[in-house]
Each structure stands twice: as C-alpha cells, then as structure tokens.
1. Among the numbered criteria (1) assigned to a loop (DSSP other than H, G, I, E, B); (2) over 23 Å from residue 327 (Cα atoms), which single criterion is violated by residue 120?
2. Somewhere in region 140-155, is a residue assigned to a strand (DSSP E or B) and under 22 Å from residue 253 (Cβ atoms)?
3. Here are 26, 102, 109: which of them is buried (at least 22 other Cβ atoms within 10 Å of the Cβ), at pLDDT 95 or above and more than 14 Å from the chain's Cα centre (by Cα)?
4. Of the numbered conditions (1) at pLDDT 95 or above; (2) in contact with a strand residue (DSSP E or B) (Cβ under 9 Å, 6 or more places away or on another chain), residue 122 satisfies every one except a single condition; which is it?
5. Among the residues in region 29-40, are any surrounded by fewer than 24 Cβ atoms within 10 Å (Cβ to Cβ) and more than 15 Å from residue 194 (Cβ to Cβ)?
6. Tally time: how many residues in region 263-293 are surrounded by fewer than 16 Cβ atoms within 10 Å (Cβ to Cβ) and either free of Cβ contacts under 8 Å to residues at least 12 places away in the same chain or assigned to a strand (DSSP E or B) (or both)?
7. Within the bounds of region 41-51, is there any residue that is more than 19 Å from residue 245 (Cα to Cα) and touching a helix residue (DSSP H, G or I) at 6+ places or on another chain (Cβ under 6 Å)?
8. Might you let me know whether region 243-261 holds any residue that is more than 16 Å from ligand 1 (Cβ to nearest atom), in contact (Cβ under 8 Å) with a residue 60 or more places away in the chain and outside any loop (DSSP other than H, G, I, E, B)?
Ligand code: IMP
Ligand code: MG
C-alpha cells in the first residue's frame, strides 16, 4: 500500500538544484524514483562534504533508500554501470537500485543520430530523442531484453514514495519551449507513469533558481546576454557549466512571469528558490516581471517581492515559498 507520494521537479530549464532538495528529503521515504529522462540529466549531491554527480540513479541512493528507474526513463547501460561502479566504490549500497522492465535502452545508433542531426537544438548528445522516437515507433528495446533479472523490478510501489524529476517544466515535451525541449514529460503528473493514481500525490515541490539559465540553445536566451558583465558574473559565480556536457549555460535574470506560469501549469504546492548565495556574491538583485526588469536593493527586498507576487492567487495550491543556497553550502 502506498502511504504517500511526493514529487520534486524543476520549475525552469533544469539545473535549479533539484538533486539537493530530493537528497535532503530522501531520508523520510521508502522509495526514491525517477520517472523521466536518462543520462541527459545531471544531479549534484553533496554527502558529508563530498560532491557526487549522478545522471540516471535516483538521489535516494545517498540515503540508503530503494531506488526505481521507471518505465518512462531511457537508459544507456554503459553509463548506468559506470555510475553503479562509482557509487559502489564510494560505499553506497547499489543493490537498492531497480529498473522497470519497460524502461527503454539507448543504443549507439541513437547517440550517433543525436550527435549528427540534433546539434542545432543544443541537445546533450546522449541519444535521448532518438531513443524516445523508437519507443513511440514501437521498435525500441526495453530494459527487460537487456538487463538480468537482478536489476529489474516490476512490482507495486509501497510506503512513502518520493519522485524525483529530471529536466524541468520549460523542457517538457508538451509544455516547454518546443522544439528547444527534451523528449519526456517533466511535469509532475508524469510521475504517475511509475504506476500509481494521480490521487496519491500529496506534496508537489517545485524547485526554481534565483536567476535563469538554459543549457543548450533557446531564442529566449540570446547569447548576446553573455556580453553583460553582470550576467557573466552570474555564470562564473554560479558555476553555470553543464553537469553532463560541460557547456557554458545561457543565463538571464529570474523571469517571474515564466516562474508563475510554470507553477500554475504544474500545480506547484511548495516552492524552493535556490542559489541565493550566487546573487549575493554578484551583488545585483534583479528579476523580470511583466516583461520588464525590476531591480532591488538587496536579497531581502527581492524575496519579499517574490513571495508577494507568487501569492496573488494565480496558483491557489501554492502555500509555501522558501529560499535556499547552492548545493555546496549545506
Ligand atoms: P536532450 O534532452 O539531450 O535531447 O536535450 C534537449 C534540451 O534539453 C537541450 O537544450 C538540453 O541542454 C536540455 N537538457 C536536457 N537535460 C537537461 C538537464 O538535465 N538539465 C538541463 N538541461 C537539460
Ligand atoms: Mg542538472
């Protein structure tokens, strides 16, 4: 029997620090599950002062929880085993990791196609779109065909379940800035593909960031912004380089119009806005609201403004907004 399902997901373009939030919540759950994406994701988690990066294995592994890679995920087996070996060498119990037999397998042909034909979309080159395409064409290979039974798990989830999103609202295949999106459902309702009713979902915890970034291409983020020394300082201070690709991210001030729309579309019940230490170090506090830049004298003034504007009633279910720093600061 499922006792509760809570969902952690991104409200922007990824890289908001979801890994930090789900790793902090994980100890209270029996299961931590991924429902979408694959090795395109990069989660940074700090455990006892040491930085760990994962791409496909849920961050519940760091809390010794059962971890499920769901049917909506795509797996590159070589990368999966590389991650397993790393986690094992760091002393984490990898026997807790299970894969849905219905998850799809990324092949070398998927990776080659991605690298050869999808560069103009700024993909991570991990074979994500071609793999999901084959899934939809119903000619893909599933985990059941590839993995030995030790790794597979097709049962029902039980107890307390935390679902960990990858990518974010504006990368969602249906709701994002198409075609500059990924190929999966990043919206919290996508978590139901793990095998439970939408009625089971309790907390819908959206993670945002004190400023915006995008990995890859997007006309919403002109590269000319890189010429702005304050934006450049954001990238430098925030370490805004892709976890998976190492690429310099596109950046801009927090777009509050987009954040409100993201929270509204996804049914966000609690929000965490991360990386305030970065704005603090840059010493500039700005956001974009109603299409114009609003500037604040300090972090306190900006936080008060955000809370007020997020509480206008556009998102009735949103009852809690919190602020946090970079992952490395806990
Ligand atoms: P793909 O998922 O590799 O096809 O990439 C499609 C778009 O999503 C590109 O703009 C990527 O940079 C972006 N993207 C995919 N995964 C992530 C992620 O985990 N964080 C941030 N951006 C991502
Ligand atoms: Mg990431």
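The values are calculated or read from the model by the stated rules, or taken from the named source; none is laboratory data. Bear in mind the structure is a predicted one, so any value in this text is a computation, not a measurement. Reconstructed Cβ throughout: ideal geometry from the backbone, glycine too, with neighbour counts over all protein chains shown.
1. (1)
2. Looking through region 140-155, none of the residues is assigned to a strand (DSSP E or B) and under 22 Å from residue 253 (Cβ atoms).
3. Testing whether each residue is buried (at least 22 other Cβ atoms within 10 Å of the Cβ), at pLDDT 95 or above and more than 14 Å from the chain's Cα centre (by Cα) leaves just 26.
4. (1)
5. Taking every residue of region 29-40 in turn, none turns out to be surrounded by fewer than 24 Cβ atoms within 10 Å (Cβ to Cβ) and more than 15 Å from residue 194 (Cβ to Cβ).
6. Residues flagged as surrounded by fewer than 16 Cβ atoms within 10 Å (Cβ to Cβ) and either free of Cβ contacts under 8 Å to residues at least 12 places away in the same chain or assigned to a strand (DSSP E or B) (or both) within region 263-293 amount to 3.
7. Yes: region 41-51 contains one or more residues that are more than 19 Å from residue 245 (Cα to Cα) and touching a helix residue (DSSP H, G or I) at 6+ places or on another chain (Cβ under 6 Å).
8. yes
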